[in-house]
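The values are calculated or read from the model by the stated rules, or taken from the named source; none is laboratory data. In this text the structure is predicted, and so the values were computed from the model without any measurement. Note that we place each Cβ from the backbone using ideal geometry, even for glycine, and neighbour counts take in every protein chain shown. Calculation scope for accessible area: heavy atoms of the full protein, side chains included, ligands and nucleic acids excluded. Shrake-Rupley method; radii C 1.70, N 1.55, O 1.52, S 1.80 Å.
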Amino acid sequence: AFESSQKVVELVPEIAESYIALANAQANAGFHEEAISTYQQALAVSPSHPGAFSGLGHRLKTVERQQECIDVYRQSISANPKNTEPYWSLANMKTFRFDEAEVSSMEHLLEDDSLESIDVQQLCNALGFEFESRNEYDKAFEYISRCNHERRESESYDPVTNETQADRLIEIFNEDFLAEMQDCGVADASPILIVGLPRSGSTLIELSDLSYVVQTMGRTGPKSEHFPDFLTSLVPNAWSKMGSQYLERTEKFRTGAVRFIDKNPNNFTYVGLLQLALPNAKIIDARRHPLDSCFGTYKQLFASGQPFSYDLTELGEYYLQYERL
């Protein structure tokens with residue numbers, strides 16, 4: 001991707017998208033300062049490009065150049081008054097506070113019936129955080145609830161399916177099954193997996209490799225079954241294969257240290273599987289009081305995933321299944 005996007009810049013240097021493609025590749029590879037420079041090149045070509053502003057703001061936030069980040073998001077709003085994302089990005093900094101003119105602009109934008117659903121979500125979430133910071137809790141909750149109601153409409157989530165999966169996992173990973181397969185995994189002790197629920201104070205680095213390996217194993221198993229049912233038909237050496245594939249996929253994130261940390265809260269689903277595939281790995285369950293954990297999750301508008309988090313009843317039920325598992 002890095003080489004291809006550099007070639008795109010050579011071939012088509014007159015459009016902002018070429019530089020954005022390169023900057024995105026640089027950002028994903030961890031070259032944040034280089035990405036900042038390239039996003040700035042995109043804005044030099046197209047001074048009001050919302051995607052270039054967004055990418056530049058995110059990278060500035062990543063390297064903790066907070067005031068520059070704020071300035072960029074505000075420039076984006078000035079250049080694109082109907083673009084709601086920079087308002088949400090500012091609110092998502094958690095420590096930022098809007099001025100009265102910005103609050104009025106967001107409230108005025110919400111009166112526009114032509115707004116897309118994502119625009120409504122972003123504005124309501126931003127206003128929710130702002131009024132919470134002002135101790136206007138009823139108003140804050142009203143906006144957060146409106147945001148989440150809007151988001152839930154577009155999410156596909158079935159709490160009954162989630163409960164059924166939890167039942168099945170508890171049934172599969174019983175003491176006899178764990179004892180039967182206990183010596184089939186990879187003895188590598190380097191991974192430290194931090195699991196739990198979102199907004200539990202666990203943020204370090206989040207990888208999706210474990211989920212990828214598990215789902216791939218399900219597609220290539222002896223018969224076509226969904227997770228977790230295919231696990232019961234795995235041959236013993238499949239557990240070491242799963243552990244090895246995970247270690248191979250995460251190699252690129254490691255620097256030769258004795259241990260590495262993989263923080264992905266949703267991996268709590270795989271605790272039984274991890275006991276067999278990577279028996280010497282450490283698993284840390286980051287847990288807060290249910291009210292803190294659930295409300296912190298409820299008021300967070302996630303870029304993607306966490307479909308259970310936009311309805312209070314479903315969120316409470318999800319917490320109970322997590323606790324059971």
Members of the stretch 7-31 that are open to solvent by 40 Å² or more (accessible area, probe 1.4 Å) and in contact with a Leu (Cβ under 9 Å, 6 or more places away or on another chain): VAL8
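With the requirement that a residue be open to solvent by 20 Å² or more (accessible area, probe 1.4 Å), assigned to a loop (DSSP other than H, G, I, E, B) and at negative phi, what does the stretch 83-95 give you?
Residues of the stretch 83-95 that are open to solvent by 20 Å² or more (accessible area, probe 1.4 Å), as a first pass: 83, 85, 88, 92-95.
Next, from what is left, pick out any that are assigned to a loop (DSSP other than H, G, I, E, B): 83, 92-95.
Result: ASN83, ASN92, MET93, THR95.
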Scope the stretch 127-174; condition acidic (Asp, Glu) and either part of a loop (DSSP other than H, G, I, E, B) or open to solvent by 80 Å² or more (accessible area, probe 1.4 Å) (or both); matching residues: GLU136, ASP138, GLU142, GLU153, GLU155, ASP158, GLU163, GLU171
Filtered residue count, the stretch 255-299, keeping only those that are open to solvent by 80 Å² or more (accessible area, probe 1.4 Å) and either among the hydroxyl-bearing types (Ser, Thr, Tyr) or more than 20 Å from the chain's Cα centre (by Cα) (or both): 7
The stretch 304-325 residues that are at pLDDT 95 or above and surrounded by 15 or more Cβ atoms within 10 Å (Cβ to Cβ), paired with ones that are among the charged types (D, E, K, R) and in a helix (DSSP H, G or I) (beta carbon under 7 Å, 6 or more apart): PHE308/GLU314; TYR310/ARG151; TYR310/ARG152; ASP311/ARG152; GLN321/GLU163
